[in-house]
Amino acid sequence: MCGIVGYIGGKNTKEILLNGLKELEYRGYDSAGIAILSEGSFNSFKAVGKLVNLEEKIKDFTTEKFAVGIGHTRWATHGKPTELNAHPHLGESSYVVHNGIIENYAALKKELVDEGVTFLSQTDTEVIVHLFEKNLKSATDVFAAFRQTITQLEGAYAILLATKSKPDTIFFAKQGSPLLVGINAEDEKYFASSDTPLIGQCESVNYFEDGDFGYVTPSEIVIYGTNGKQKQPHLSKLATNKLSAQKDGYRFFMEKEIYEQSDVITDTLLGRLSEDAVVFEELSDDLFDGVNEIKLCACGTSYHAALSASYLFERYSKVRCCVEIASEFRYREPIMNKDTLFIVISQSGETADTLETLKMAKNAGLKTLAICNVDNSSMVRLADATILTRAGVEKGVASTKAFATQVTIFWMLSLHVAKLRNTLKPQEITKQIELIRQIPASVKVDDAMHERIKRLSKRYLHGHGFFFIGRDIFFPLALEGALKLKEISYLHAEGYPSGEMKHGPIALADPELFTIALLPQNLLYEKSKSNVEELSARDSTICAISPLAFEKADDFIQTKGYDHYMLEFFEMMVVVQLLSLEVSIRLGNDVDMPRNLAKSVTVE
Ligand code: G6P
């Protein structure tokens with residue numbers, strides 16, 4: 001994820017950068033660093049771990065004169081969290097900070113190394129500064145060298161670069177990672193990955209768009225767009241209230257977090273996909289040796305991610321899988337065999353029941369793996385291995401983006417194991433990796449779709465119950481859809497396997513029973529459709545979610561449709577999240593803090 005900040009002005013640059021980084025620390029805290037250019041020379045400091053380590057290291061350093069400063073807080077993707085790999089990265093006389101991933105860095109690095117450049121770090125970022133300095137030697141001016149550098153980069157980035165060749169300037173570029181610049185009446189300029197660090201410092205901000213690059217000095221903001229033409233900054237007023245600013249204009253954190261899913265999944269994927277393999281640097285090669293069964297254990301939404309995982313592990317990795325609700329598992333004297341890999345899934349890493357099952361598995365001598373969103377949480381510290389989901393801070397009690405990243409990890413992990421065990425053909429793995437790269441696009445909220453759901457939601461504010469139904473992996477999604485709705489709307493909702501409705505629940509069918517039917521085109525479409533028809537024949541009110549028109553439905557939410565059922569899964573996930581959100585808003589509930597619930601349940 002990483003967070004970046006920048007400052008041009010005459011105040012206490014060190015404090016300004018550190019305060020900015022504090023607001024962004026949730027984006028990563030493997031290491032942090034700053035570089036300050038003042039009176040012609042650079043001072044740079046880095047420290048491994050949380051920001052307090054950097055603060056402590058530079059407590060005696062002061063800056064009072066005019067300066068240009070850049071800072072970074074890192075979530076490691078390329079290279080371990082060491083001081084050498086911490087940003088800012090130095091060339092001969094320039095420093096760079098970067099959030100994202102330079103996908104062609106290996107080729108660029110090879111070229112530079114062949115030309116005699118020495119690299120200090122294992123990061124992809126360091127190529128940017130060396131490439132810039134190489135271009136500087138032949139370019140007409142400093143900006144031309146920067147511009148040339150940007151055209152040579154492929155991948156996702158938000159970049160800030162400071163150089164002695166232009167000591168009052170910060171060069172920037174944005175592609176796929178967030179970046180903005182803020183201004184105030186004192187001609188100071190602030191950069192950051194999100195607007196919260198700028199609150200109280202700036203009056204207005206320009207949010208850069210993908211493809212923007214340019215430079216900022218004390219007196220000007222020069223922006224070029226994707227077409228290579230200069231464009232005017234588009235300044236908007238900055239909120240003065242931190243909480244509402246953190247919501248970025250969305251009504252609730254949950255809504256913001258639904259919209260953020262595309263970006264956070266991009267982060268989840270960063271550095272973990274090559275053309276033909278899924279790469280989890282954090283896992284040792286022998287983790288899956290001798291494993292004959294995977295047990296997944298979790299609570300709430302994370303339990304639904306675990307259930308989804310079981311379909312993928314059995315289908316692709318051909319490993320026997322069982323899924324457990326943590327509060328049940330604890331007391332039922334479960335059989336634990338040493339050939340079982342025990343996986344806990346938790347957004348917070350602190351849920352008491354899940355944590356306890358992890359302890360039980362460890363005591364029984366099982367190999368353990370945590371899929372978690374919070375580094376250094378209790379589960380991360382206890383498990384033998386961890387994969388971080390990189391969803392960023394999730395504030396809404398009803399989990400959305402954490403679930404999305406958990407399922408993303410599981411799809412990747414099932415392919416990783418499939419490759420280790422040879423259970424899928426290499427071409428199939430390559431094909432699915434290509435599909436995984438499309439997840440961020442599949443979860444992008446379509447404005448027209450959101451509007452439609454907003455309108456439809458008024459029909460679903462009452463009734464005696466909701467059944468979310470789906471087959472196969474769409475059954476856990478149905479469970480998750482129902483959980484979202486009941487958590488924030490307080491309406492009774494259940495998730496059910498479509499094929500099971502006729503074994504009891506269909507007795508409830510009448511016009512006041514709402515069926516939310518998940519009908520993907522690429523998985524058991526005809527069978528699921530028959531199940532919905534059975535309900536429609538009994539006059540249940542049906543809302544069908546499908547790319548294919550369904551004439552028996554009362555309401556129809558048409559998805560775009562993809563060639564693979566997993567991309568349909570992600571697309572429909574967004575639909576059920578938005579439906580719950582809009583119903584809850586119409587009912588006047590507190591979406592982010594629903595009654596009786598808590599974000600992290602640390603009691604059993
Ligand atoms: C609470 C939250 C749920 C969450 C569950 C598990 O019940 O309200 O949103 O899914 O805990 O939390 P975890 O942090 O372990 O994923």
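Worth a mention:
- Residue check: GLY69 meets all listed conditions (1) at pLDDT 95 or above; (2) out of contact with any helix residue (DSSP H, G or I) (no Cβ under 6 Å at 6 or more places or on another chain) but one, namely (2).
- Sole residue being part of a helix (DSSP H, G or I) and at pLDDT 95 or above, chosen from VAL532, VAL575: VAL575
- Of all residues in region 342-367 being crowded, with 24+ Cβ neighbours inside 10 Å and more than 9 Å from the ligand (Cβ to nearest atom), the one that is farthest from GLN406 (Cα to Cα): ALA361
- Residues that are assigned to a strand (DSSP E or B) and closer than 18 Å to LEU51 by Cα within region 62-87 comprise GLY69, ILE70, GLY71, HIS72, THR73, ARG74, listed in sequence order.
- Yes/no for GLY300 being surrounded by 17 or more Cβ atoms within 10 Å (Cβ to Cβ), modelled with pLDDT of 95 or more, assigned by TED's automatic domain parsing to the domain that holds MET360 and within 15 Å of the ligand (Cβ to nearest atom): yes
- Filtering GLU188, GLU220 for residues that are over 24 Å from LYS247 (Cα atoms), touching a strand residue (DSSP E or B) at 6+ places or on another chain (Cβ under 6 Å) and acidic (Asp, Glu) leaves a single hit, GLU188.
- Residues satisfying the stated conditions in region 326-341, i.e. of a type outside the set (A, V, I, L, M), more than 16 Å from the ligand (Cβ to nearest atom) and not in a strand (DSSP E or B): TYR331, ARG332, GLU333, PRO334, ASN337, LYS338, ASP339
- Count of region 377-386 residues which are part of a loop (DSSP other than H, G, I, E, B) and either within 11 Å of the ligand (Cβ to nearest atom) or without any contact (Cβ under 8 Å) to a residue 24 or more places away in the chain (or both): 1
- When restricted to residues that are in contact (Cβ under 8 Å) with a residue 24 or more places away in the chain and crowded, with 24+ Cβ neighbours inside 10 Å, region 103-138 contains 9.
- Yes/no for ARG538 being of a type in the set (Lys, Arg) and within 16 Å of the ligand (Cβ to nearest atom): no
- Filtered by the rule that a residue be of a type in the set (Gly, Ala, Ser) and in a helix (DSSP H, G or I), region 100-114 gives ALA106, ALA107.
- Subset of region 332-372 (residues that are basic (Lys, Arg) and under 22 Å from TRP411 (Cα atoms)): LYS367
- A single member of ALA305, ALA391, ALA370 is assigned to a helix (DSSP H, G or I) and either within 15 Å of the ligand (Cβ to nearest atom) or surrounded by fewer than 24 Cβ atoms within 10 Å (Cβ to Cβ) (or both), and it is ALA305.
Results for (1) assigned by TED's automatic domain parsing to the domain that holds LEU567; (2) loosely packed, with under 15 Cβ neighbours inside 10 Å; (3) modelled with pLDDT under 95, shown as yes or no for each residue.
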position	(1), (2), (3)
GLY176	no, no, yes
VAL216	no, no, no
VAL222	no, no, no
GLY228	no, yes, yes
VAL264	no, no, yes
GLU275	no, yes, yes
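- Candidate set: region 572-601, residues that are surrounded by fewer than 16 Cβ atoms within 10 Å (Cβ to Cβ) and among the small types (Gly, Ala, Ser); chosen: the one farthest from the ligand (Cβ to nearest atom): GLY588
- Complete set of residues in region 375-394 that are at pLDDT below 95, more than 21 Å from SER177 (Cα to Cα) and within 16 Å of the chain's Cα centre (by Cα): ASP375
- Condition check for ASP563: surrounded by fewer than 23 Cβ atoms within 10 Å (Cβ to Cβ) and closer than 24 Å to PHE252 by Cβ: no
- Residue in region 409-425 that is among the small types (Gly, Ala, Ser) and more than 30 Å from ASP555 (Cα to Cα) present: yes
The values are calculated or read from the model by the stated rules, or taken from the named source; none is laboratory data. As the structure is a computational prediction, the values presented were derived from the model and not from experiment. Neighbour counts run over all protein chains shown; Cβ positions are idealised from the backbone, glycine included.
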